[in-house]
């Protein structure tokens, strides 16, 4: 099992939000948490159909960052977010 797979299994096993937040805050920097939050927002906006340049401008990120999210979305990733947006 890869180290990342072990990390995913650990995260998946945690059932309490406060315990998961404690873990994630402990292993990330404030900047990394900001980047993760921004990337999640980018994907949500892409799923909602917002233009990439608008997303980049409003979030203050590079168009390349948004494009990366768009490519991952096109590759079939973010199933959990797609399911949420359909309900």
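Where a number appears in this text, it was derived from the coordinates with a stated rule and is not lab data. Because the structure is a prediction, the values reported are computed rather than measured. Every residue, glycine among them, receives a Cβ derived from its backbone with ideal geometry; neighbour counts consider all protein chains shown.
Only one entry in 57, 45, 39, 33 is in contact with a helix residue (DSSP H, G or I) (Cβ under 6 Å, 6 or more places away or on another chain) and assigned to a helix (DSSP H, G or I), namely 45.
State whether one or more residues within the stretch 8-18 are within 21 Å of residue 68 (Cβ to Cβ), surrounded by 10 or more Cβ atoms within 10 Å (Cβ to Cβ) and free of Cβ contacts under 8 Å to residues at least 24 places away in the same chain.
yes
Within the stretch 36-67, the residues that satisfy the criterion of being surrounded by 14 or more Cβ atoms within 10 Å (Cβ to Cβ) and more than 17 Å from residue 79 (Cα to Cα) are 38, 50, 52, 55, 56, 59, 61, 65, 66, 67. Note on the stretch 68-87: residues that are surrounded by fewer than 11 Cβ atoms within 10 Å (Cβ to Cβ), under 11 Å from the mean Cα position of the chain (by Cα) and assigned to a loop (DSSP other than H, G, I, E, B) total 0.
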